[in-house]
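Below is one structure; the comments refer to it alone.
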Amino acid sequence: MKTVYVDNNATTKVAPEVVGVMLPYFTEFYGNPSSMHFFGGQVQRNVNEAREKAADFLNAEPSEIVFTSCGTESDNAAILGTLDSYPEKRHFITSRVEHPAVGNVSTYLTRKGYRVTELSVNREGQLDLDELKEAITDDTALVSIMHANNETGVIFPIEEVGEIVKARGVPLHTDAVQTAGKIPLNMKKSTIDMLSISGHKLHSPKGIGILYIRKGTKFSPFMMGGHQEKGRRGGTENVPYIIGLGKACELAKAHLQEENTRVKALRDYLEQKILERIPNTLVNGDRVHRLPNTLSVSFEYVEGESILLLLSDLGICASSGSACTSGSLEPSHVLRAMGVPFTAAHGSIRFSLSIYNTKEEMDYIIEHLPPIIQRLRDISPFWKDYLKSQGKA
Ligand code: PLP
């Protein structure tokens with residue numbers, strides 16, 4: 001069966017070039033970078049080259065790059081490591097639409113007695129910067145606001161956020177897991193103090209990430225152990241994955257243009273055809289400030305899970321915006337925070353593209369999606385009620 005993979009915000013294919021550079025580090029160059037001998041020293045140099053590539057990708061200094069095990073670790077380390085550095089401050093600001101890698105840290109902090117402010121978003125999924133301004137107090141230890149949303153692709157104005165936060169002398173962390181490789185990141189021209197990246201969203205393997213920490217930022221290590229990563233993250237370096245991520249950063253820099261031209265055009269084509277061919281369909285989130293690869297659409301009066309399963313039967317891999325929590329189908333916290341109506345939030349699907357997608361694949365989706373939605377609406381009591389209300393049944 002044909003596979004059409006349009007779930008790249010969940011994870012990406014590892015680029016063959018990335019696999020190629022990683023392999024020798026399993027069986028040939030397996031030395032510990034901390035070892036004194038030549039064999040370890042060579043590996044240390046290669047790890048540093050990967051660090052330089054990551055720094056070049058972010059326009060940062062190599063010393064500002066800390067390799068971690070994933071995006072979740074980077075987020076946890078940034079938040080908990082900063083709060084630990086400001087023990088006298090007990091207030092944390094974030095948004096309502098963060099990934100659980102930040103959202104569940106907020107819940108934990110509330111349990112630990114912190115005051116947590118979760119900023120709201122409007123119907124477009126955008127922040128109200130005045131709400132942020134009003135939320136910051138002398139007790140605020142950290143602001144952590146994601147760069148772009150994983151479900152809708154909505155991009156937050158992180159540099160404007162940074163200006164507001166900096167004016168109050170508060171550090172800023174951003175979860176850039178979904179933006180790295182999709183829109184440019186330039187830390188030399190940025191107000192961001194800490195930034196998280198995950199390798200597997202960037203065509204490198206799962207289980208490797210980056211935490212960028214701006215020089216001079218107060219930070220206590222979250223992973224305590226050896227002196228690796230200049231004492232900011234203990235644990236023997238995951239050398240093959242670091243080498244792979246260095247290569248992935250180099251490729252991501254080279255592919256940024258294509259992401260914003262060819263991939264964006266494919267996404268726009270898919271969106272346009274879906275809206276043309278399927279009535280009662282809404283696009284979720286700000287369509288202007290949006291990742292070039294992401295499309296979140298809601299098909300009213302049908303279940304997202306059923307759409308996904310029928311797409312999956314045809315080899316199409318997408319994602320839904322609702323999750324089965326404790327037996328009840330709850331729409332995602334992101335769509336709920338945006339106030340997407342119940343009848344639409346339940347039928348939301350996320351298509352997320354990559355440079356490996358083609359126009360033929362978009363046509364395949366466009367051919368098969370309308371009959372799937374029609375089939376599900378034909379058996380939906382909500383759709384029948386809707387038709388009645390319109391005098392069409
Ligand atoms: N942050 C965002 C916005 C994400 O989309 C994800 C993964 O889906 C993560 C963090 C977690 O990254 P990882 O899977 O590397 O832990």
Ranked highest first by average number of other Cβ atoms within 10 Å, how do 350-362, 112-124 line up?
-> 350-362, 112-124
How many nm is it between the label spots at GLU159 and ALA135, if each spot is 7 Å from the Cα in line with the beta carbon?
-> 2.2 nm
Using Cα atoms only, what is the angle between the long axis of helix 264-277 and the major principal axis of the chain, expressed in degrees (0 to 90) to the nearest 10?
-> 20 degrees
For region 210-273 and region 28-42, write down the distance between their C-alpha centroids in whole Å.
-> 24 Å
For PHE38 and SER312, what does the FRET efficiency come to when R0 = 56 Å and r is the distance between their Cβ atoms, rounded to the nearest 0.05?
-> 0.65
Expressed in angstrom and rounded, the centroid-to-centroid distance over alpha carbons for region 87-162 and region 296-320 is 30 Å
Once the Cα atoms of helix 304-313 and of the chain are each reduced to a long axis, what angle between those two axes, in degrees from 0 to 90 to the nearest 10, is obtained?
-> 80 degrees
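Kindly provide the GluC sites (Glu not before Pro) of region 24-79 that DSSP labels as loop, not H, G, I, E or B, and whose Cβ sees at most 13 other Cβ atoms within 10 Å. Write down the numbers at each step before the final one.
Values: sites: GLU28, GLU49, GLU52, GLU64, GLU73; in loops: GLU28.
Taking region 24-79 and a limit of 13 other Cβ atoms within 10 Å, the loop GluC sites (Glu not before Pro) found are GLU28.
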Cα axis of helix 158-167 to longest principal axis of the chain: angle in degrees, 0 to 90, nearest 10?
-> 50 degrees
Given 0.36 nm per residue, what is the gain on full extension from VAL283 to ASP268 after removing their alpha carbon distance, in nm?
-> 4.3 nm
Cross-link list LYS13/LYS273; LYS2/LYS359; LYS13/LYS264: which exceed 22 angstrom alpha carbon to alpha carbon?
-> LYS13/LYS273
If you count, for each residue, the other Cβ atoms within 10 Å and average over each peptide, how do 331-344, 259-272 line up from highest to lowest?
-> 331-344, 259-272
With bins of 5 Å, the percent of all Cα-Cα pairs of region 1-109 per bin from 0 is 2, 8, 12, 15, 16, 15, 13, 10, 7, 2, 0, 0
Taking R0 as 35 Å and r as the Cβ-Cβ distance between TYR356 and ARG90, the FRET efficiency 1/(1 + (r/R0)^6), rounded to the nearest 0.05, comes to 0.15
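Just so you know, all these numbers are worked out from the coordinates, no wet-lab data involved. As the structure is a prediction and not an experimental result, all values here were calculated from the model. A quick note on method: Cβ atoms are made from the backbone with ideal geometry, for glycine too, and the neighbour counts reach across all protein chains shown.
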